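The values are calculated or read from the model by the stated rules, or taken from the named source; none is laboratory data. Values in this document were obtained by computation on a predicted structure and should not be read as measured data. A quick note on method: Cβ atoms are made from the backbone with ideal geometry, for glycine too, and the neighbour counts reach across all protein chains shown. The area values use the complete protein model at the heavy-atom level, side chains included, leaving out ligands, DNA and RNA. Shrake-Rupley method; radii C 1.70, N 1.55, O 1.52, S 1.80 Å.
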Amino acid sequence: MTDSEIYPISGDWTNASLDAKKYAELCEAAASNPGGFWLDQATKRLDWIAEPTIAGDWSFAKADFHIKWFADGALNVAANCLDRHLAKNGDTVAIIWEPDVPTEDARYITYRELHAEVGRFANVLKGQGVGEGDRVTIYMPMIPEAAFAVLACARIGAIHSVVFGGFSADALAGRIEDCGSKVVVTADEGRRGGKRIKLKACVDEAATRAPTLEKVIVVKATGAEVAMTDRDVWYHDAAASVGADCPAERMAAEDPLFILYTSGSTGKPKGVLHSSAGYLLWADYTFKIAFDHEPGQVFWCAADIGWVTGHTYILYGPLSNGATTLMYEGLPNWPDASRIWQVVDRHKVHTLFTAPTALRALMKEGDDYVTRTDRSSLKLLGSVGEPINPEAWRWYHDVVGEGRAPIVDAWWQTETGGIMIAPLPGAVPMKPGSASKPLPGVSPQLVDDQGKALTGAAQGNLCITESWPGQMRGVWGDPERFFQTYFTTYEGKYFTGDGCRRDADGYYWITGRVDDVINVSGHRMGTAEVESALVLHEAVAEAAVVGMPHDVKGQGIYAYVTLNAGREGDDDLRKALVAWVRQEIGPIATPDKLQFAPALPKTRSGKIMRRILRKIAEGDVTSLGDTSTLADPAVVDDLVANRVG
Ligand code: WTA
């Protein structure tokens, strides 16, 4: 237990616009009059075409289930991120782009330039027949054109669906199909850590399985030769014949802004749907208060725009606030483990927001890679995506931040749109490994397995009892699945899928997922997805996948595979199956360990007992618990004997 290890509000954190008293006041204001509080935030923070007069209108109850925020308001999200900054801050740098190769020039794009680029991109989309409500799939490397494409969609009211550039052609095809995109935006190739990623070729392959796809807009990024068909349009050709002026569409507050596919405990990934106004307010509000952002500071969220963290904290949150956001094409440890700190020095980064998995990988390489850099610009640190172990936390705080920079350990989810629980710098003292306290306006509750609310110090399942503006609005194409997935486990509450402990000081300690979702290097992965990929292979009869502790990735993937009769589980087949999963989903789903199992432990009713599989994967074979309900307890002995260590 490290409940008593408290790091005080840093005395060096001098530009704090929040303090403990103000934080308490905001919490009180949001709790006592949520309607007034959120209307005030919405009108103060955003530029509206029609100002809303109502805030939240929602119910989590089955009979009357609905979630709406600011329903009579109208605005345009891109105009909030661009146009409103032009008069005063047109020449402020909006995006700093740092290339993969450190010796290449960086790009600096001002708000005025970004406004023009987005307008041009929007006109190109329109030229391809894209209009309000159409879905556009964006499969791009981390280059500025990815940001242009995203904001261009917002400008014309098209719904973007960004698919991480590391996903395979199959995974991409499934996502194009699910939301019925007619247009995909991609690049010839992407670059990461000195390697080339053949994005256009992947789209070509996906197209054979995605009949809705009509047009592919291709950005020239590396200049590699790519095959162009009638379906394909070079972005630079199309852009040459359009202007930069594109009016921002008037959008209703509740109109969808984007779809982002994420993994759940069952079935295929679901398209999490976010609204225009509520989401934007959440991005704007949480960026401002969680990072206490002031003009002139350079903010670096080292995520990929293929994930929600990139959506909210590379693009929408910073740009809505008129900040300077850094977009990095490459990897934190390439060409060597100093790169991330060199980028900090090169661009005088003030706030760095990254994932524990990156920190653990860098920590392993030794302090010298860090201490040989200056880092004096770095005043605030953030951590996101998975629980940060106290050892990595202390290294981040003491070595990277030299003890002067607070760490914002931000807990949230694709579904929540933005940060929900985090220690606000200057306002909440920190405990290493704890996401600490909810943001003003967020209502976490711990419940036991029966759904009974727990008070005081307790361990339970993390729910949120009141809606918040950034809450997801639905699962694309499957409204029933939204209610079923999140509101039926504990009636009348949003269930996060996370386990959590609250200590005696009211601090929240996320303990990890309690469902069949695993968190590999900060990436969410449904075990069911990896299983589905494995059973598609002709040699495989059955598969079960569980998470296992991994010292860098947080969790690794352990797969148990039963082969069809007559197949031999040798090393070649093991390699072939690992390669198969990479091809079906992408490298992030690569199984770390794969064990051939003549049979899986099942109950008499045929249900796989995952608890046992998890224990074996962890190497904790002495406390397998009750195995008497298994149809064939001997199965377990074989699994233990042949465990892949
Ligand atoms: C986990 C990423 C502990 C959690 C923003 C959640 C965390 C899932 C933290 C969402 C944190 C995220 N501490 N766990 N600070 N942040 N998680 O949708 O299990 O990719 O449910 O969103 O990541 O992952 P997602």
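For first residues located in the stretch 510-538 and open to solvent by 50 Å² or more (accessible area, probe 1.4 Å), partners that are part of a helix (DSSP H, G or I) and lie 6+ apart or on another chain with Cβ distances below 9 Å form the pairs Ser532/Glu584; Leu536/Trp580; Leu536/Glu584. Hey, any hits in the stretch 560-575 for a residue that's closer than 18 Å to Ser265 by Cβ and in contact (Cβ under 8 Å) with a residue 24 or more places away in the chain? Yes, that holds for at least one residue. Looking only at residues in the stretch 515-545 that are in a helix (DSSP H, G or I) and of a type in the set (Val, Ile, Thr), which one is farthest from the ligand (Cβ to nearest atom)? Among them, the one singled out is Val535. The single condition among (1) in a loop (DSSP other than H, G, I, E, B); (2) within 12 Å of the ligand (Cβ to nearest atom); (3) open to solvent by 10 Å² or more (accessible area, probe 1.4 Å); (4) hydrophobic (A, V, I, L, M, F, W, C) that Met472 does not meet is (3). Pro479 passes every criterion in (1) surrounded by 20 or more Cβ atoms within 10 Å (Cβ to Cβ); (2) at negative phi; (3) modelled with pLDDT under 95 apart from (1).
Return the total of residues in the stretch 589-605 being in a loop (DSSP other than H, G, I, E, B) and in contact (Cβ under 8 Å) with a residue 24 or more places away in the chain.
If we filter the stretch 589-605 for residues that are in a loop (DSSP other than H, G, I, E, B), which is where we start, we get 590-592, 597-601, 604-605.
Subset that is in contact (Cβ under 8 Å) with a residue 24 or more places away in the chain: 590-592, 597-601, 604.
Counting residues in the stretch 589-605 that are in a loop (DSSP other than H, G, I, E, B) and in contact (Cβ under 8 Å) with a residue 24 or more places away in the chain gives 9.
Here is a yes/no grid of residues against (1) farther than 30 Å from Gly403 by Cα; (2) modelled with pLDDT under 95:
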{"position": "Ser10", "(1), (2)": "no, yes"}
{"position": "Lys22", "(1), (2)": "no, yes"}
{"position": "Cys27", "(1), (2)": "no, no"}
{"position": "Pro34", "(1), (2)": "yes, no"}
{"position": "Ala50", "(1), (2)": "yes, no"}
{"position": "Trp58", "(1), (2)": "yes, no"}
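Of all the numbered requirements in (1) within 15 Å of the ligand (Cβ to nearest atom); (2) under 23 Å from Lys431 (Cα atoms), Gly506 misses one, and that requirement is (1).
Screening the stretch 232-269 for residues that are within 25 Å of Ile585 (Cα to Cα) and either at pLDDT below 95 or over 25 Å from the mean Cα position of the chain (by Cα) (or both) and picking the one that is most open to solvent (accessible area, probe 1.4 Å) gives Lys268.
For Ala79, are the conditions met, namely being of a type in the set (Gly, Ala, Ser) and part of a loop (DSSP other than H, G, I, E, B)? Can you show your working first?
Working: of a type in the set (Gly, Ala, Ser): yes; part of a loop (DSSP other than H, G, I, E, B): no.
In short, no.
Name the residues in the stretch 270-295 that are of a type in the set (D, E, K, R) and surrounded by 24 or more Cβ atoms within 10 Å (Cβ to Cβ), would you? Scanning the stretch 270-295 gives Lys270, Asp284.
Would you check if Arg360 is crowded, with 18+ Cβ neighbours inside 10 Å and under 26 Å from Asp105 (Cα atoms)? Considered against the rule, which asks whether it is crowded, with 18+ Cβ neighbours inside 10 Å and under 26 Å from Asp105 (Cα atoms), Arg360 comes out as no. Within the stretch 396-406, the residues that satisfy the criterion of being open to solvent by less than 20 Å² (accessible area, probe 1.4 Å) and either away from the ligand (no atom under 16 Å from the Cβ) or more than 20 Å from Thr2 (Cβ to Cβ) (or both) are Val400, Gly401, Ala405. Taking the stated definitions as given, is Met609 at pLDDT below 95, closer than 29 Å to Asp632 by Cα, surrounded by 21 or more Cβ atoms within 10 Å (Cβ to Cβ) and of a type in the set (A, V, I, L, M, F, W, C)? Yes. When each of Ser434, Ser467 is tested for being of a type in the set (Ser, Thr, Tyr), part of a loop (DSSP other than H, G, I, E, B), touching a strand residue (DSSP E or B) at 6+ places or on another chain (Cβ under 6 Å) and within 16 Å of the ligand (Cβ to nearest atom), the lone residue that passes is Ser434. For the stretch 483-497, the candidate set comprises residues that are without any contact (Cβ under 8 Å) to a residue 60 or more places away in the chain and surrounded by 20 or more Cβ atoms within 10 Å (Cβ to Cβ); within that set, the residue that is farthest from the ligand (Cβ to nearest atom) is Tyr490. Does the stretch 342-350 contain any residue that is within 16 Å of the ligand (Cβ to nearest atom) and open to solvent by less than 10 Å² (accessible area, probe 1.4 Å)? No; the residues of the stretch 342-350 include none that is within 16 Å of the ligand (Cβ to nearest atom) and open to solvent by less than 10 Å² (accessible area, probe 1.4 Å).
Collect the residues in the stretch 510-556 that are of a type in the set (Ser, Thr, Tyr) and under 30 Å from Lys437 (Cβ atoms), keeping them in residue-number order.
Step one: of the stretch 510-556, the residues of a type in the set (Ser, Thr, Tyr) are 511, 521, 527, 532.
Once the filter is applied, which keeps residues that are of a type in the set (Ser, Thr, Tyr) and under 30 Å from Lys437 (Cβ atoms), the stretch 510-556 yields Thr511, Ser521.
Would you point out the residue of the stretch 308-322, among those that are under 12 Å from Arg45 (Cβ atoms) and among the polar types (S, T, N, Q), that is most open to solvent (accessible area, probe 1.4 Å)? This residue is Asn321.
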